[in-house]
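Below: one structure, written as C-alpha cells.
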Amino acid sequence: MKPNKYILMSVMFMAAVMAVATSAWAQQINGTPGDPSATVTIDGKQIPPPPMPFGGVIKESATDSKPYWPPRVVPPKGAPNILLIMTDDQGYGVSGTFGGVIPTPALDRVAKAGLCYTHFHSTALCSPTRAALITGRNHHSVGSGVIGELSTGYPGYDSIIGIENASIGSILKDNGYSTSWFGKNHNTPTYQYSVAGPYDQWPSGMGFEYFYGFMGGETDQWTPYLFRDHTQIFPFVGKPGYNLTTDLADEAIKHMRDLNASAPDKPFFLYYVPGGTHSPHQPKPEWIAKFKGKFDMGYEKLRDEIFANQKRLGVIPADAQLTPWPNEIAKWDSLSLLEKKLFERQAEVFAGYAAYTDNEIGRVIQAVEDLGKLDNTLIIYICGDNGTSPEGTLYGAFNQLTAYNGILKAPEALQLLHYENWGSDKTYPHMAVGWAWAFDTPFKWTKQVASHFGGTRQGLAISWPGHIKDVGGIRTQFHHVIDIVPTILEATGIKAPETVNGITQRPIEGVSMAYTFADAKAPSTRTTQYFEMAGNRGIYNDGWMANTTPFAPPWDLATGKLPDVVNGYKWELYHITEDFTQNNDLADKNPDKLKEMQALFLTEAAKYNVLPLDNTAFVRLQTPRPSAVAGKTEFTYTGENAGIPLGNAPDVLDKDFTITAEITVPKGGAEGMIVTLGGRFGGYGFFLQKGKPVFVYNLLDLERFRWEGGIGGKIGEDFFGRALPPGKHTLVFDFKYDGPGPGKSGTGVLTVDGKELAKKKLEHTIPLMMTIDETFDVGIDTRTGVDDSYKLPFKFTGTIDKLTFKLGPSQLAEADQKAQAEAYANAND
C-alpha cells in the first residue's frame, strides 16, 4: 500500500521545520543533551530562537520512552556582566574626573581601573540620547529626533522605537542574560503612561525583565512618579528623609543580590540611569552642606579653574583654547550681593546633587565587587546624556514650573525666602544659566544645542578587568553614544540579530569601541557623525566639524522669529584635530570645505530619517498624535481612580470648565479629596474638610486661592455654616475664563445643591503647565498636596457616585499655543 501523499507532505514539512529550528541553535550543547542542566549558546541571528526539536523518545508507555529537556540558552563562555550607567544633564566640566570641582569618586574608580574617553558625544537632549544608547542606532533612526512630547508624524520624529530596532535589552535577554533597568525612562511615549498601555514601548517591551524607575524627563526626588514594572508605587510614604537617588541604588543592589542567590552563574545586564542632575535639584541636605561656600568665586572664575584642571589632568589638549564668555549672560561682578548669595546657593545644591548621585552609583559598583563579580563586569559610565541644562533661566528658579510657564524671573524676595530650603521638598529648583555654561567648560553652549560640543560632549569611562592593557589611560578617538551597543556586543561575543520576533532588523549604526581597549593610538573607526536637534545641526568628518550657529539661546524659550530652516542659518567650520573647543571658525577661509561638509550633512540626514528639517521646535506639541482622550470635552469618573497621568486628564487651562461631583455623605459625615491634579508646586484640589466643601487653586506655589463654605453659611465667609449632612449632595465648581490669551483672569463659583457658597475672581491663572510629574487623582491625593491644610493620602470617606468635567474651548491663539508647546517641551527634556 502506497503512503498517503498528504502524510508524505506533512512529514517533509515537519522535517524542514526541524531543520530550520536546529540551524538557529549553536552546534555545540554544553552538558549531556536532554539533561536539565544542559546549556546552549545560540548563533543569535534569529531571536528569540525557535523551539528546539524534541530529542527524546516517545513510545506508548512512559517506561519505554525517553524524556528530553531543551537546553537553557546562555551567552558565550566568559561573557561579562554589563553595568551601563548614565547621569543626567551633566556637561563635560561637571565631574572631577574630567576637571570639574565636584568630586566624583565612582567615576574616578572606573577611569582608574579602565580608560577615560575625551571625544565622546550625545545628541544634546535626553530621550534622543537614551534611545540611541539602548538601540545602537541614530536617534532619528529610532523615531527620537526630539523628545516624545514633541513627536510628529514623520519616521524620524514619531517617538516610537519600532520593532525593527530591537534594544540591547532584547538582544541580551534572548541570549541568556538577566536584564534590568533602574531610574529614568523617557523613552515611552507620553500617551502610553496609563494602565491602558500598550506596554510594548515600556522597558518590559524593550527586553528589560525588571524595571524600577520613573516615567518622563524628570521627577521630584522626595515624592517621585515611580513605577515597579507597570505599577505606580509610593515607597516614600511613612519614610521621612526618603530620596529616590538612594532608593534606586538600594533597589539595584537588592536586585543583583537576588539574582546572585537564584542564579549565581547567570550574567546580568543592569542599565542604571538615575535622575541626577536633571531638575529638580534635590539632594539630601548633608550633600549640600559639603559645598557651602565653594562657589563664591562666581561662574567665570569657576570656568577658569575647571579649564586649568582639565589641562592638568590631560582631558583636554595642552593647546586647547577656552571659548569666550557669552554677552547674554551677566558677568558675576555685575550681580548684586543678594543675587550672588542666591546664585551661590543654587550651585551648592547642584554640586551636592551631582556628588550625591555619583556616591550612590559608587554603592552599586561596590555591590558588584562584594558579590565577587567585578573581575568579570564591563562597566560603562557616561557622565551626562547632554550638556548642562540652561532651563533654569538667567536667574534660577525655586520652582522650575514658573520658568516653564513663562515667568523667567520669579520675584527676588520670594526666591530668597527659599534660600535655606533650596533643594528640599519645599522647592523644585534649577540654577541660573551662568553655572550651566561654566559646567560645560571648555566648550560653547549647553544642553539642547546639537551644533556645539557644549551640548554634546560627554565624559566617559570604561573598565573591564583583564581586557584593558593601558589601565588609567586616556582615549581620544571620536565616538558617539550609538557606539555603546556594538561595544557591548563585541565584549559579550554576541552578534546583532538579523530578525527579532520574525521582524527583519535595521542594521546597528554604531561601531565598536573595543579596539581602543588595547591601542591608544589606533585611528578612530567612527569617521563621520551627524548632529541635529530642532534645526541646530552639525556634521563631523575625519577631524573636521561644520555646524550651524544657534539663532537664539535656549534659555530664551525660542520666543523670537524663526529663521528659514534650510537657508536661514549661518554655518561655521572647525578643524577639530587642531581646535579641540570649536573656537576658531574657518568658514570664511575654507568655503569649498564648508560646502563639502554641508553636502555630507544632507547625505547623512537623508540616510537616517533626519528629514524633514524642522526648527519650529516646541510648537510641535500641538501636533495631533495618538491619545485616548484627544478631543474629549466631557469626562466622567466614579469611585476612586488614582494615578491617571497628565496626558489622560481633563485639561482645564486657559478655558472655561465645570466640575460636578455627585457624592453620598455617610452617617457621621465625610472628609477627603474628591479630585485633584498637581500638588505643592501647582495644581488644584476639590475636597471636603471638616465636612465642608473646599476648592483650592495653587498658582505655582506663588499664591493660593480658596473657595469654601458650609450649609447655612454666607457667600464668601470661610467655614461658616454646618458640615454637609448625611445623604446625597451635588457639589459644583464653575470657572469662567477671561480670555483670549494664556494666564488670564477668571471667576470661580462654588455651589452645593444649587446654593452658591463662595465666589472669587483670580487676577492670574496658570497659563501653560499645571504640573509635570503629578497625577490626576479621584477620591484620594497621592504624592503632594495642593496646600498644607490636610495630610496625605486624604482619602475621601464618602462615596463618589459620579464626577463630571465639562470643558469649554481653548482660548489660546496660535502664538499662545506655540508658547505652551515650548513650556511643555522644556519641562520634559
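The values are calculated or read from the model by the stated rules, or taken from the named source; none is laboratory data. From a predicted model like this one, the values you see are computed outputs, not experimental measurements. Positions of Cβ are generated from backbone atoms using ideal geometry, with glycine treated the same way; all protein chains shown enter the neighbour counts. Keep in mind that these areas ignore ligands, DNA and RNA; they rest on the heavy atoms of the full protein, side chains included. Shrake-Rupley method; radii C 1.70, N 1.55, O 1.52, S 1.80 Å.
Here are the numbers:
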{"read-out": "Rg over Rh [alpha-carbon atoms, Kirkwood Rh] for region 359-480", "value": "1.11"}
{"read-out": "Label point distance in nm, residue 499-residue 567, each placed 7 Å from Cα along Cα→Cβ", "value": "4.9"}
{"read-out": "Percent antiparallel among DSSP beta bridges (both partners in the chain, rounded to 5)", "value": "75"}
{"read-out": "Quarter of Cα convex hull surface for region 135-181, i.e. mean projection, nm²", "value": "3.6"}
{"read-out": "Net charge of Cβ neighbours under 14 Å - reference residue 546; Lys, Arg +1; Asp, Glu -1", "value": "-4"}
{"read-out": "Surface per residue (accessible, 1.4 Å probe) for region 367-467, Å²", "value": "23"}
{"read-out": "Of 294/331; 632/802; 667/728; 690/744; 66/173, pairs whose Cα-Cα distance is over 23 Å", "value": "690/744; 66/173"}
{"read-out": "Over 28 Å (Cα to Cα) - which of 311/444; 239/266; 761/806; 736/791 fall in this group", "value": "239/266; 736/791"}
{"read-out": "Sulfur and carbon atoms: percent of accessible area, region 227-381 [1.4 Å]", "value": "51"}
{"read-out": "Those lysines that a straight Cα-Cα span of less than 18 Å connects to residue 292, excepting residues fewer than 8 apart in one chain", "value": "284, 301, 340, 341"}
{"read-out": "Solvent-accessible heavy-atom area per residue, rounded to whole Å², over region 100-169 at 1.4 Å", "value": "19"}
{"read-out": "Cα gyration tensor shape of the chain, rounded if a/c is under 1.5, else prolate or oblate by comparing a/b with b/c", "value": "oblate"}
{"read-out": "Accessible carbon and sulfur surface of region 51-201 relative to its total accessible area, %, 1.4 Å", "value": "61"}
{"read-out": "Spacing of the two label points (7 Å from each Cα toward its C-beta) at residue 59 and residue 703, in nm", "value": "9.1"}
{"read-out": "Centroid-to-centroid separation of region 178-240 and region 483-528 [C-alpha atoms, Å]", "value": "28"}
{"read-out": "Where only C-alpha atoms are counted, convex hull volume of region 104-187 per residue in Å³", "value": "131"}
{"read-out": "Tensor-based shape of region 35-154 (alpha-carbon gyration tensor, a/c under 1.5 rounded, otherwise prolate or oblate)", "value": "oblate"}
{"read-out": "Peptides ranked, highest mean first, by Cβ atoms within 10 Å: ranges 475-481, 326-332", "value": "475-481, 326-332"}
{"read-out": "Residues of type aspartates and glutamates that residue 447 reaches as a straight line, Cα spacing below 12 Å, ignoring anything fewer than 8 places off in the same chain", "value": "88, 89, 385, 391, 829"}
{"read-out": "Carbon and sulfur %, accessible surface of region 588-683 computed with the full protein complex present, 1.4 Å", "value": "51"}
{"read-out": "At 0.890 mPa s and 25 °C, Stokes diffusion of region 136-255 via Kirkwood alpha-carbon radius, µm² per second", "value": "161"}
{"read-out": "Helix runs (DSSP H) in the chain reaching 30 Å along axis by Cα, Kyte-Doolittle at least 0.5", "value": "none"}
{"read-out": "Environment charge of residue 803, counting only residues whose C-beta is closer than 13 Å and scoring Lys/Arg +1, Asp/Glu -1", "value": "-3"}
{"read-out": "Residues residue 233 and residue 257, FRET efficiency given R0 of 25 Å [Cβ-Cβ distance, rounded to 0.05]", "value": "0.80"}
{"read-out": "Where N is the number of residues in region 33-95, Cα Rg divided by 2.2 N^0.38 Å", "value": "2.01"}
{"read-out": "Cα gyration tensor, region 496-631 - rounded (a/c under 1.5), prolate or oblate", "value": "oblate"}
